[in-house]
Amino acid sequence: MLIALVAALCMLAKQLLRIPVNVPGHSGVLWVALFVICRGLINKRGTGVLLGIVAGVLAQFAGFGHQGPFEWTKWLAAGIVLEVLTLAIPGDLRDWGKAAVVGAALHLGKLAALTLAGLILRVPVALLLLGLGWSATTHVIFGAIGGLLGALALRELRKVPFLDAQARGR
């Protein structure tokens, strides 16, 4: 239930931040934070992947994004990266360093899925590579900020007895 709620909030955050600031990846601050919060609260294997699937299905069927039939792939990629790094990097997602690295990487994972979708849709490689350096940089920055915001929220949410017990699997 929490996964579906967080996935819906991610779609809402993505739509709310469609303001034209001409900086790629700026909406990642909110949805990355939500992904980190969800994975931090539900400390079970597969949570990140399931969150990515649910968010991808919502995005695909709600018509969000511009990748057509490949819209779901970027959310799934973010969920997979979230899951793999959460398990691979020791520590808790409340740790600033882990949260920043995980946030930056999952936002880059989404960008990589977008690039792959562009290749599959036969977008010219030169056009894809043209803005990839700047876009990757901003995705890392906004992803790290989102990860830090997620860690901050997790630190506060863990003070709530019910959520702390749920995160510990009790």
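General observations
- Taking all pairs of distinct alpha-carbon atoms in region 28-167, Kirkwood radius in angstrom: 15.2
- Derived scalar couplings ³J(HN,Hα) [region 151-160; Karplus, 6.51 cos²θ - 1.76 cosθ + 1.60; whole Hz; x for Gly, Pro]: 5, 4, 5, 4, 4, 6, 5, 5, 6, 7
- Whole-Hz ³J(HN,Hα) from phi, Karplus 6.51 cos²θ - 1.76 cosθ + 1.60, for region 69-83, glycine and proline x: x, 9, 4, 5, 5, 5, 6, 5, 4, 4, x, 5, 4, 4, 5
- Peptides 108-116, 39-47 ranked from most to least packed, by the mean per-residue count of other Cβ atoms within 10 Å: 108-116, 39-47.
Since every read-out is calculated from the coordinates, none of them should be taken as a lab result. Bear in mind the structure is a predicted one, so any value in this text is a computation, not a measurement. For neighbour counting, all protein chains shown are included, and Cβ atoms are generated from backbone atoms with ideal geometry for every residue, glycine included.
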